[in-house]
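Take a look at the structure below.
Since every read-out is calculated from the coordinates, none of them should be taken as a lab result. These figures come from a predicted structure and were not determined experimentally. For neighbour counting, all protein chains shown are included, and Cβ atoms are generated from backbone atoms with ideal geometry for every residue, glycine included.
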Amino acid sequence: MTNQVPETNSIVDIGYHYVATDTHGNPLDSNGNGTPDYLEDVNGNGQPFTITLIAPANNTYYKEPANIPLQATVLDWRSVVTNVSFLRSSTQIVAITNAPYQYTWPVVAAASYSLTATASDAAGSNVVSSAVSVTVTNLCTQ
């Protein structure tokens with residue numbers, strides 16, 4: 001147990017660090033918001049629930065029939081991620097319930113697509129990534 005003084009976040013990962021704990025060994029939550037102090041900044045703001053579509057890159061071109069890799073990263077310090085879905089416009093391509101959140105979208109027809117990823121957690125929160133544009137071109141028209 002440390003001296004129970006809330007820690008502040010560090011941008012640099014220096015390896016092992018001490019976490020302030022209460023008398024039961026639980027991480028200290030001095031403002032009672034359900035997020036341990038070591039995951040919050042000095043104002044008591046925890047990390048936001050976010051999802052980022054990291055593959056494919058925005059404005060990527062593929063040749064038909066394309067196999068497009070989809071991959072997302074999720075950050076949720078307050079709850080457990082229960083589902084990640086990849087969508088083209090509002091149509092679901094696939095839903096994944098466990099990390100890593102990746103999938104290869106097979107045999108994609110020629111067209112332009114707007115792709116997003118969504119995530120849900122056990123607390124009932126939902127987030128949507130920024131959209132990524134991909135274009136699949138027809139081999140016969142090149």
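A few remarks follow.
- With contacts taken as Cα pairs under 8 Å at a separation of at least 6 residues, the stretch 42-142 carries a relative contact order of 35 percent.
- THR104/THR23 FRET efficiency (R0 35 Å; Cβ-Cβ; nearest 0.05): 0.10
- Residue-wise HN-Hα couplings along the stretch 92-97, as the Karplus relation 6.51 cos²θ - 1.76 cosθ + 1.60 with θ = phi - 60° gives them from phi, are 5, 8, 7, 10, 10, 9 Hz; Gly and Pro carry x.
- Length added when fully stretched, ASN33-TYR61, from 0.36 nm per residue minus Cα-Cα: 5.6 nm
- Within the stretch 89-133, backbone nitrogen closer than 14 Å to the virtual label 7 Å beyond the Cα of ASN83 toward Cβ: 91-98, 118-128
- Three-way shape call for the stretch 50-141 based on the alpha-carbon gyration tensor, with the a/c threshold at 1.5: prolate
- Charge sum, other residues only, whose C-beta stays under 14 Å from ALA119's C-beta, Lys/Arg counted +1 and Asp/Glu -1: -1
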